[in-house]
Amino acid sequence: MTRPTRTQPPRSWTVTPARYDNPDVQQLLWQLHTAQLEMYGYADDPTDTPAEDYTPPQGLFLLAREVTARPAGCGGWRSLDASTAEVKRMYVHPDTRGQSLGRELLLRLETDAHLRGYTHMQLETGVANMAALALYRQSCYLPITPYRPGRDPQINRALRKAL
């Protein structure tokens, strides 16, 4: 008797480096901004971050597109110090969630930072973002003391991982 095998559906996206100020990246960042405003009543303005923060070798920004070329997700890392990179602006469009795109983006960011000599990755996310918290826990991120001044510890969660 042959057992049926479970196969993964074919990937429906591509992931490539992109400039932070790319119009498709900005479209996703404003969707992220809107989602954060709805969840918390507050969100960092994506235009407050210079595009140069995500320029190799001190950073990288990735853009995922569906096969139709529609922007599907994004995320980046930037240097915090000589050994620590920070994950920023991870977002997957609601229509693309549940297909492991967030996991793929995170893995690519971690790999790139590690190849550039960074030994740790850290990030902040909100307590209400259960999907993000689950992704980071499954990816071996551990809670740390908040590292950004002025953050509300009732809302923000800081996490860190050794690469």
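The values are calculated or read from the model by the stated rules, or taken from the named source; none is laboratory data. Just so you know, these numbers come straight off a predicted model, no measurement behind them. Glycine gets a Cβ as well: all are built from the backbone with ideal geometry, and neighbour counts include every protein chain shown. Just so you know, the surface numbers come from the protein's heavy atoms only, side chains and all, with ligands and any DNA or RNA stripped out. Shrake-Rupley method; radii C 1.70, N 1.55, O 1.52, S 1.80 Å.
A compact table of results
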{"item": "Answer residue from the range 34-50, given it is assigned to a helix (DSSP H, G or I) and in contact with a strand residue (DSSP E or B) (Cβ under 9 Å, 6 or more places away or on another chain) and is nearest to W77 (Cα to Cα) among those", "result": "P46"}
{"item": "Checking V87 against (1) touching a Leu at 6+ places or on another chain (Cβ under 8 Å); (2) in contact (Cβ under 8 Å) with a residue 40 or more places away in the chain; (3) more than 24 Å from V67 (Cα to Cα), the condition it does not meet", "result": "(2)"}
{"item": "Residue that is surrounded by the fewest Cβ atoms within 10 Å (Cβ to Cβ), among those in the range 9-46 that are among the aromatic types (F, W, Y) and more than 17 Å from the chain's Cα centre (by Cα)", "result": "Y42"}
{"item": "Residue pairs meeting the criteria (Cβ under 7 Å; at least 6 apart or on separate chains; first acidic (D, E), in the range 55-67; second surrounded by fewer than 23 Cβ atoms within 10 Å (Cβ to Cβ) and not in a loop (DSSP other than H, G, I, E, B))", "result": "E66/W13; E66/T96"}
{"item": "Residue within the range 113-121 that is at pLDDT 95 or above, over 21 Å from L32 (Cα atoms) and of a type in the set (K, R) present", "result": "yes"}
{"item": "Out of T49, T55, sole residue that is within 23 Å of N22 (Cα to Cα), of a type in the set (V, I, T) and either modelled with pLDDT under 95 or in contact with a Phe, Trp or Tyr (Cβ under 6 Å, 6 or more places away or on another chain) (or both)", "result": "T49"}
{"item": "Looking only at the range 107-163, and only at residues there that are polar (S, T, N, Q) and in a loop (DSSP other than H, G, I, E, B), the one that is least open to solvent (accessible area, probe 1.4 Å)", "result": "S139"}
{"item": "Of all residues in the range 47-69 being more than 18 Å from A85 (Cα to Cα), over 13 Å from the mean Cα position of the chain (by Cα) and not polar (S, T, N, Q), the one that is surrounded by the fewest Cβ atoms within 10 Å (Cβ to Cβ)", "result": "D48"}
{"item": "Of all residues in the range 71-102 being out of contact with any Asp or Glu (no Cβ under 9 Å at 6 or more places or on another chain), open to solvent by 10 Å² or more (accessible area, probe 1.4 Å) and assigned to a helix (DSSP H, G or I), the one that is nearest to T34 (Cα to Cα)", "result": "P94"}
